[in-house]
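Readers should treat all values here as calculations from the given coordinates under stated rules, not as data from a laboratory. The structure displayed is predicted, hence computed values, not measured ones. We place every Cβ from the backbone using ideal geometry, glycine too, and count neighbours over all the protein chains shown.
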Amino acid sequence: MEISLVRGDITEQEVDAVVNAANSSLLGGGGVDGAIHRRGGPAILEECERIRSVSYPDGLPVGGAVVTTAGRLPARWVIHTVGPVFSKSQDRSGLLASCHVESLKRADEVGAESVAFPAISTGAYRYPPELAAPIAIAAVSGAGTSVEHVRFVLFDSAVHAAFEDALNAH
Ligand code: ADP
């Protein structure tokens with residue numbers, strides 16, 4: 001698998017699947033989630049609502065992932081995953097790793113070969129990028145997936161630098 005890093009906007013990526021840093025409700029939010037629904041249009045939310053009512057009436061658990069259409073985005077699919085909220089008193093790295101592994105499983109199920117990830121949990125969920133980045137890189141490289149290209153799409157320079165350090169150290 002080839003892992004690359006870019007600075008940019010996840011909604012503009014021309015890949016088979018983009019990953020959404022969603023919340024358990026699957027009904028939209030801010031950050032990446034807001035951008036994906038805004039640019040992807042209502043088809044994504046409609047499918048999220050269906051998945052919610054059929055499979056996850058209590059919400060998608062942290063560390064889980066589901067796949068929907070990508071609506072009007074250049075990608076074909078959106079994989080929605082719920083990152084952990086950062087905690088100083090509890091190690092939630094396993095849940096953050098699970099977001100990446102489960103997302104790649106959904107990618108395998110639909111046959112996506114290229115997947116773009118945002119820096120899950122490093123926004124509203126406050127995970128320090130220098131902690132999140134090595135977890136994300138290790139989880140993706142150890143995932144045992146058929147996905148050939150993983151691109152981390154980092155919105156700001158500090159998060160990009162953290163991922164660059166983590167990739168170099170890996
Ligand atoms: P979480 O709730 O999992 O923390 P956020 O969406 O709040 O998710 O933030 C996750 C990361 O995505 C942050 O580093 C944020 O700066 C970044 N981000 C926000 N919007 C975009 C976007 N359109 N494309 C890529 N990354 C984004």
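Quick notes on this one:
- One residue stands out among those in segment 13-27 that are over 14 Å from the mean Cα position of the chain (by Cα) and not aliphatic (A, V, I, L, M): the one that is farthest from R126 (Cα to Cα), which is E14.
- Residues of segment 1-46 classified as part of a loop (DSSP other than H, G, I, E, B) and of a type outside the set (A, V, I, L, M, F, W, C), total: 12
- Any hit, segment 25-40, residues being touching a Phe, Trp or Tyr at 6+ places or on another chain (Cβ under 9 Å), among the hydrophobic types (A, V, I, L, M, F, W, C) and in contact (Cβ under 8 Å) with a residue 12 or more places away in the chain: yes
- P74 vs. criteria touching a residue at least 40 places away in the same chain (Cβ under 8 Å) and either in a loop (DSSP other than H, G, I, E, B) or among the hydrophobic types (A, V, I, L, M, F, W, C) (or both): yes
- Yes/no for I79 being away from the ligand (no atom under 12 Å from the Cβ), touching a residue at least 12 places away in the same chain (Cβ under 8 Å) and either assigned to a helix (DSSP H, G or I) or within 24 Å of S114 (Cα to Cα) (or both): yes
- Selection within segment 99-130: residues that are in a helix (DSSP H, G or I) and within 16 Å of D156 (Cα to Cα). The member of this set that is nearest to the ligand (Cβ to nearest atom) is P129.
- Members of segment 107-131 that are surrounded by fewer than 19 Cβ atoms within 10 Å (Cβ to Cβ) and farther than 22 Å from M1 by Cβ: A124, R126, P128, E130, L131
- Only one of G40, G8, G34 that is within 16 Å of the ligand (Cβ to nearest atom), of a type outside the set (D, E), out of contact with any strand residue (DSSP E or B) (no Cβ under 7 Å at 6 or more places or on another chain) and more than 13 Å from S103 (Cβ to Cβ): G34
- Any hit, segment 140-153, residues being at positive phi and free of Cβ contacts under 8 Å to residues at least 12 places away in the same chain: yes
- When L104, L73, L60, L27 are checked against the criterion of being among the hydrophobic types (A, V, I, L, M, F, W, C) and surrounded by fewer than 16 Cβ atoms within 10 Å (Cβ to Cβ), L27 stands alone in meeting it.
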